[in-house]
Amino acid sequence: MKKLLPVLAALLALAGAVPAQTNPPRPGDAAPLPTADFLVQRIAARSGETEERNDDRFDMSYQYTRTRTWEYRNRQGEVTSREEKHSVENKPERLATGHAGPAAEAESVLPPSQAAKDPALSEKHANVRNQALKGKDYAITNLLPRFQFTVIGREELNGREAFLVDFKPRSGELPGKNFADKFINKTAGRLWVDAEDYAVSQAQFWLTEKVNVFGGLVGSVWKFDSTFTRWRTPEGYWYARNVDWHLEGRELVVNRILEYHERKLDPQKIAPKADAR
């Protein structure tokens, strides 16, 4: 279903005050764990312009190979349709030629050939165009009150120390005006927060229960889980190395299983051009 990824990405920008939490030291820990409100505020300090600058600097400094794979599966889990796309991303060249960058291409979670047209509904194609699932429509102040955060420990990830933060929907009545609201309200997960930069270096999301589209008449999603991992360059730029998600649901009368995999591989430093003489 279109625009799921931007909504889930917006969950990472959660910020503001959350209930203070005290975590006692564990045997072997070098220091007590930070509180949930401290870590969430640190993530907030990186959100917005700081993360945008990080993304711009990485794209201006590195060339990399980007691979994307979409797989439709039948009820038995067999692949019925598969599409791959490979591209070499280099922002200076894209800007010089007027081409759009990766962020513009990544908005759709449907294969390019299917996002451009509306094929007949089948196990191999999806026609859902849910424009409500846009991350920009969900401000931090809208997302914050919906979740409860808990710091559960620390772990080494890709050679760097990270704090583990679990989150789950708060109990009680939450905003539920549309499908996106209902999806967010039933999402739980875990964040890995880098102990030095306080960047989210890895995240996992999953649905806690089924979500219906228009009361189940149009469709429903009963399983969705997603993981992404960010790597850090020597200069301190973070980039999404791996993105994976798995969706199971129903669109009208067709049950579908859809998987998406994205990789940014072989990042190479872009050599500065010598001045013309």
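No lab work stands behind these numbers, since they all come straight from the coordinates. Source: prediction; values computed, not measured. Every residue, glycine among them, receives a Cβ derived from its backbone with ideal geometry; neighbour counts consider all protein chains shown.
FRET efficiency for the Ser87 to Asn158 pair, using the beta carbon distance and R₀ = 22 Å, is estimated at 0.35.
Would you mind getting me the FRET efficiency between Arg170 and Val79? Use the beta-carbon distance for r and R0 = 35 Å, nearest 0.05. Intermediate values should be presented prior to the final figure.
Values: r = 38 Å, r/R0 = 1.09.
That gives a FRET efficiency of 0.35.
Taking amide H atoms as placed 1.01 Å from N in the peptide plane, the amide H of Leu174 has no partner under 5 Å among residues 5 or more positions away or on other chains.
Compared with the direct C-alpha span, the chain from Arg66 to Asp266 gains 71.1 nm at full extension, assuming 0.36 nm per residue. Phi angles of the range 84-90 translate, via the Karplus equation with coefficients 6.51, -1.76, 1.60 and θ = phi - 60°, into HN-Hα couplings of 10, 9, 10, 8, 9, 9, 8 Hz per residue; Gly and Pro are given as x. Rounded to the nearest whole Hz, the Karplus-based 3J(HN,Hα) values (6.51 cos²θ - 1.76 cosθ + 1.60, θ = phi - 60°) of the range 50-59 follow the sequence 5, 5, 5, 5, 4, 5, 5, 5, 5, 5, with x at glycine and proline. Computed over the alpha-carbon atoms, the range 163-242 gives an Rg to Rh ratio of 1.10, Rh here being the Kirkwood radius from the mean inverse distance. Show me, for the range 244-252, the HN-Hα J-couplings you get by feeding each phi into the Karplus relation (A = 6.51, B = -1.76, C = 1.60, θ = phi - 60°), rounded to Hz, glycine and proline as x. Rounded to whole hertz, the list is 9, 8, 9, 10, 10, x, 9, 10, 6. From most to least packed by mean Cβ count within 10 Å, the peptides 251-263, 150-162, 72-84 give 251-263, 150-162, 72-84.
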